[in-house]
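See structure below.
The values are calculated or read from the model by the stated rules, or taken from the named source; none is laboratory data. Keep in mind the model is a prediction, meaning the values are calculated, not measured. Here the Cβ positions follow ideal geometry from the backbone for every residue, glycine too, while neighbour counts run over all protein chains shown. For the accessible areas, the whole protein counts, side chains as well, though only heavy atoms, and no ligand, DNA or RNA atoms are used. Shrake-Rupley method; radii C 1.70, N 1.55, O 1.52, S 1.80 Å.
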Amino acid sequence: MPERDLYKKYLGIHLRNKRIEIGMTQDELEEKAGLSEAVISKIENNERLPSSYTLYLITSAMEISIDQLNQDITRSIHEETNEPT
């Protein structure tokens, strides 16, 4: 699987898991980030790779670090491809 697709896959997984972990619904995230539920749903379901600004809006609304999110995604990619981190 191309690295871009792996990134998109794990971005969706990590964002969904973090949103659930903090107790936020897609509707709440939509409202707080100023994005449509369709956009959030497509990102969480690995159908869309967000722009950097959209990712900023989402992570800001969830009060999470983009850097930490990217570290988590990188770790997952390396685990799947058996590459050292």
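Values computed for the structure shown
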{"item": "Leading residue by the ranking (farthest from the chain's Cα centre (by Cα)) among those in segment 1-30 that are free of Cβ contacts under 8 Å to residues at least 60 places away in the same chain and under 9 Å from Glu44 (Cβ atoms)", "result": "Gln26"}
{"item": "Entirely in segment 5-85, the helices (runs of 4 or more DSSP H) that have 3 or more residues that are of a type in the set (Val, Ile, Thr) and open to solvent by 30 Å² or more (accessible area, probe 1.4 Å)", "result": "66-81"}
{"item": "Filtered residue count, segment 49-71, keeping only those that are over 10 Å from the mean Cα position of the chain (by Cα) and on the phi < 0 side of the Ramachandran plot", "result": "14"}
